[in-house]
Amino acid sequence: MTSSQGFDLIVIGAGPGGYMAAVRGAQLGLKVACVEKESRLGGVCLNVGCIPSKALLDSSEYYHLAKTSFAEHGVKPGRVTLDLEAMMARKQKVVEDLTNQVQQLFDRNKVETIHGSARLSGPDSVSVTLEDGEKRELSTKAVILATGSAPMAVPGLDFDGKMIVSSTEALSFETVPKHLGIVGGGYIGLELGSVWQRLGAKVTVVEMLPKIGTGLDGQVGRTLQRTLKRQGFDFKLNSRVTEAKVAGKKVKVTIDSNDKQESLSVDRLLVSVGRRPLTDDLGLGDVGVALDEKSGQIIIDETYCTNVAGVYAIGDLVAGPMLAHKAMAEGIAATEYIAGKQGDVNYDSVPSIIYTWPEVACVGLTEEQAKEREIPYDASTFPFAGVGRARCLGEASGFVKLISQAKTGRVLGVHIIGPRASDIIAECGLAMTLGASVKDIADTVHGHPAFAEGLQEAAWMAIHK
């Protein structure tokens with residue numbers, strides 16, 4: 001049975017970019033539907049990405065602190081034990097609460113939720129196969145594609161969902177692996193490695209490049225690597241996993257390193273080498289939507305419109321970092337363009353965050369990028385060891401690093417490794433958006449004691465060099 005219905009905007013995908021686009025469209029007076037193939041809204045981020053991983057990072061950090069640091073604060077909890085089942089249940093409760101809130105957000109804004117698989121049947125029509133097999137043909141003035149991404153597979157390291165896994169399965173191990181191998185030294189691998197290392201796993205990271213955290217400011221990246229190594233991480237850099245075979249309850253891994261071959265036996269192997277855009281089965285070829293041959297991402301113009309009028313794309317489907325907050329900003333901007341308004345995303349001030357401990361947060365140019373572009377710059381740093389609030393917390397490692405234009409002092413980039421870096425970076429993004437200088441930051445009165453004083457002190461250092 002087929003039914004037909006018309007909308008001003010149909011959003012395909014209810015992840016952060018999709019649900020923000022749908023809500024913004026409704027706020028602008030458009031009749032909006034959001035199609036999501038999964039039973040829960042929120043996409044990868046809320047269900048098997050950002051949110052569950054951060055829930056586990058927080059829980060595992062409490063467990064680690066209870067075992068190692070509470071006594072220093074005069075708190076003696078006795079014998080600390082791990083209830084992994086309870087930890088996983090809490091994670092799931094957080095996920096359910098937040099995905100339910102997305103549905104409530106849709107309901108309040110009168111966004112119609114349609115659960116099913118969507119496919120473009122034309123530039124102004126979408127065919128949806130519902131969960132019960134029924135089909136709905138929807139007509140629309142505009143479509144936003146926001147289906148996100150999936151873990152990238154590696155030849156010879158095929159996912160089996162149990163022993164050789166993606167980030168999705170690594171969020172739900174039933175027991176703590178004695179030895180966790182991770183292919184890839186990027187953000188996701190380091191965060192999930194932190195979870196299981198804190199809970200008792202030995203963690204070995206195999207990375208093709210000579211460093212972890214590609215794209216980080218060099219000084220920050222080196223500090224992060226040293227810190228994680230002290231915590232127990234083992235890094236095999238300039239190395240490549242060529243084969244992985246399941247043998248009983250172990251995964252036998254073959255590694256090529258500097259033209260030498262070695263073997264590694266692990267209990268679980270997490271393959272985390274990046275993500276690919278989810279463009280399959282959307283009918284893009286049928287309507288002529290152009291893709292980038294190298295990345296497989298959808299080509300868009302400055303309004304997020306594809307080469308097919310009325311069809312837009314955002315988030316992980318298009319060029320740029322695969323970050324939830326980038327997708328959210330693009331979802332809002334694309335919808336505003338569709339509604340005849342001016343959308344805007346300042347890509348220069350989109351932050352990147354690694355939720356290890358200490359946290360790493362960055363925005364803008366690294367020192368290396370400033371050198372490559374031959375921009376006259378100053379770099380100033382201030383250690384968290386000199387920040388009173390960090391001392392009180394007992395987390396005094398790390399620093400704030402400010403990159404500023406040499407003549408004007410305008411902030412070009414900020415790179416932080418230390419406590420609450422993920423919160424401090426928002427002020428830095430605002431400073432860059434407003435074109436602020438290091439003097440503007442230094443002259444802004446910061447609360448005392450506060451972690452953000454590290455940023456203010458770095459700004460003072462820049463002024464008084």
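The values are calculated or read from the model by the stated rules, or taken from the named source; none is laboratory data. Bear in mind the structure is a predicted one, so any value in this text is a computation, not a measurement. A quick note on method: Cβ atoms are made from the backbone with ideal geometry, for glycine too, and the neighbour counts reach across all protein chains shown.
Annotations
- Residues (within 16 Å of residue 224 (Cβ to Cβ) and of a type in the set (Asp, Glu)) located in segment 393-440: 395
- Close pairs (7 angstrom Cβ cut-off, 6 or more residues apart or separate chains): in the same structural domain as residue 48 (by TED's automatic domain parsing) in segment 78-107, in a helix (DSSP H, G or I) and of a type in the set (D, E, K, R) anywhere: 80/67
- Segment 173-190, subset touching a helix residue (DSSP H, G or I) at 6+ places or on another chain (Cβ under 8 Å) and surrounded by fewer than 21 Cβ atoms within 10 Å (Cβ to Cβ), residue nearest to residue 60 (Cα to Cα): 176
- Residue under evaluation residue 132, criteria (1) at pLDDT below 95; (2) crowded, with 22+ Cβ neighbours inside 10 Å, criterion not met: (2)
- Test for residue 118: is it surrounded by 16 or more Cβ atoms within 10 Å (Cβ to Cβ), among the aliphatic types (A, V, I, L, M) and out of contact with any helix residue (DSSP H, G or I) (no Cβ under 7 Å at 6 or more places or on another chain): yes
- Some residue of segment 254-267 being under 27 Å from the mean Cα position of the chain (by Cα) and not assigned by TED's automatic domain parsing to the domain that holds residue 125: yes
- Verdict on residue 56 being surrounded by 19 or more Cβ atoms within 10 Å (Cβ to Cβ), more than 19 Å from residue 315 (Cα to Cα), assigned by TED's automatic domain parsing to the domain that holds residue 114 and within 17 Å of the chain's Cα centre (by Cα): yes
- Residues within segment 42-76 that are part of a helix (DSSP H, G or I), more than 21 Å from residue 187 (Cα to Cα) and not aromatic (Phe, Trp, Tyr), tallied: 7
- Across segment 360-417, the qualifying residues are those that are among the hydroxyl-bearing types (Ser, Thr, Tyr) and in contact (Cβ under 8 Å) with a residue 40 or more places away in the chain, and the one among them that is surrounded by the most Cβ atoms within 10 Å (Cβ to Cβ) is 404.
- Test for residue 19: is it surrounded by 17 or more Cβ atoms within 10 Å (Cβ to Cβ), closer than 20 Å to residue 313 by Cα and of a type in the set (Phe, Trp, Tyr): yes
- When residue 48 is tested against (1) of a type in the set (Val, Ile, Thr); (2) without any contact (Cβ under 8 Å) to a residue 40 or more places away in the chain; (3) closer than 20 Å to residue 175 by Cβ, just one condition goes unmet, and that condition is (2).
- Criterion (of a type in the set (Gly, Ala, Ser), under 16 Å from residue 170 (Cα atoms) and touching a residue at least 40 places away in the same chain (Cβ under 8 Å)) met by exactly one of 200, 218: 200
- Residue satisfying all of: in segment 65-95; within 27 Å of the chain's Cα centre (by Cα) and of a type in the set (Lys, Arg); nearest to residue 54 (Cα to Cα) among these: 91
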